[in-house]
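**Q** One structure, as structure tokens, below. Some questions next.
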Amino acid sequence: MADGLHTAFRVAATVPEGSAGLTLVLDGALPAEPGQFVMAWLPGIEERPFSIMDDDPLSLTVAAIGPFTRALCALRVGDRLWVRGPFGHGFALSGARHLLIGGGSGVASLTLLAKRLRAQRREAIAAIGARTASQLMLPWKFASLGITPLLATDDGTAGVRGTVLDVARDALDARWPESIYACGPEPMLRALAARTRTLGLPCWVSLERTMKCGIGICGNCHLGDRLVCRDGPVFPAELAQELWKTENDTPQRRRAHGGD
Ligand SMILES: Cc1cc2nc3c(=O)[nH]c(=O)nc-3n(C[C@H](O)[C@H](O)[C@H](O)COP(=O)(O)OP(=O)(O)OC[C@H]3O[C@@H](n4cnc5c(N)ncnc54)[C@H](O)[C@@H]3O)c2cc1C
């Protein structure tokens, strides 16, 4: 069913993501490019952006952090969810060896990419991180694609104690990847962008900003002279570094993006 803007899906299955949230597997496909997002709508509650974790069947992975994401995590099999999209510019695949780096719910923007890379039999390493083991999202999805993710947790309860950059250090220092793709808390992306620039490695980062329309009209998600919904959410890391310089790096903003 569609209203001209939205397509109505039903929840076909739910997969718990530890203490962090839930994956909603919906009852149909929505062809998309890796890194694109949809606007998910619950009438009377809100409409918010979510990465397309898988496009067939359409699946969204939700970290419960506020009213809307908690409402999504309360959906059960058979409930309806309305979706607009797909929107935005995703990851451009290039090269033979690929390093995927995800933190928190940002991991959800990398799994469709992993699926495409596996289908094309390209080499891929995934590094995923979270504050603690129970908040790691989607390790099962990578495993189902035949990719064993390298794990990092702040408290050392799973994988390496540290950040995803610590766990990816060997691959980075050896200049193994021909392309690097990342999504997660902004302090992590900033550190990665600085590191890959020093190493001269091509890197793409997927950015999150609060969005209303998702299609470049409202201007809510502006970053410098770009709109994250229309011009991103994926940007070359060097461009992201330039855009970050244009906005104030306040403690409030760092907290919103998972730092501090
Ligand atoms: C392109 C894109 C893709 C996304 N994909 C996913 C995804 O796959 N899974 C997922 O769980 N979340 C994703 N998000 C974030 C998701 O949209 C927000 O978590 C959600 O809107 C929060 O709504 P809420 O009502 O639950 O919480 P709110 O009460 O709105 O927010 C809770 C806290 O998080 C901060 N916050 C909310 N949204 C954002 C944002 N976009 N950027 C930075 N800080 C924010 C708020 O400032 C507040 O401090 C994505 C965002 C974007 C822009």
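**Q** Out of 74, 13, which single residue is surrounded by fewer than 16 Cβ atoms within 10 Å (Cβ to Cβ) and within 17 Å of residue 137 (Cβ to Cβ)?
**A** Result: 13 is the single residue among 74, 13 that is surrounded by fewer than 16 Cβ atoms within 10 Å (Cβ to Cβ) and within 17 Å of residue 137 (Cβ to Cβ).
**Q** Within segment 79-95, can one find any residue that is within 22 Å of residue 187 (Cα to Cα) and more than 12 Å from the ligand (Cβ to nearest atom)?
**A** yes
**Q** With a cut-off of at least 3 residues that are in contact (Cβ under 8 Å) with a residue 40 or more places away in the chain, name the strands (runs of 3 or more DSSP E) lying wholly within segment 110-196.
**A** Because the criterion is at least 3 residues that are in contact (Cβ under 8 Å) with a residue 40 or more places away in the chain, the strands (runs of 3 or more DSSP E) in segment 110-196 that meet it are 123-130, 179-183.
**Q** Before we move on, is residue 40 within 15 Å of the ligand (Cβ to nearest atom), of a type in the set (A, V, I, L, M, F, W, C), under 18 Å from residue 214 (Cβ atoms) and within 17 Å of the chain's Cα centre (by Cα)?
**A** Yes: the conditions hold for residue 40.
**Q** What is the one condition in (1) assigned by TED's automatic domain parsing to the domain that holds residue 56; (2) in contact with a Ser or Thr (Cβ under 6 Å, 6 or more places away or on another chain) that residue 76 does not satisfy?
**A** Here residue 76 clears every test but (2).
**Q** I need every pair where a residue in segment 45-64 that is without any contact (Cβ under 8 Å) to a residue 60 or more places away in the chain and closer than 12 Å to residue 81 by Cα has its Cβ under 9 Å from the Cβ of a residue that is among the acidic types (Asp, Glu) and part of a strand (DSSP E or B), sequence separation at least 6 or different chains.
**A** 60/54
**Q** Let me ask something additional. For segment 143-161: of the residues being closer than 15 Å to residue 104 by Cβ and of a type outside the set (Val, Ile, Thr), which is surrounded by the most Cβ atoms within 10 Å (Cβ to Cβ)?
**A** Within segment 143-161, the match that is surrounded by the most Cβ atoms within 10 Å (Cβ to Cβ) is 149.
The values are calculated or read from the model by the stated rules, or taken from the named source; none is laboratory data. Note that the structure is a prediction, hence the values are computed from the model and not measured. In this analysis, Cβ positions are derived from the backbone assuming ideal geometry, glycine residues included, and neighbour counts consider all displayed protein chains.
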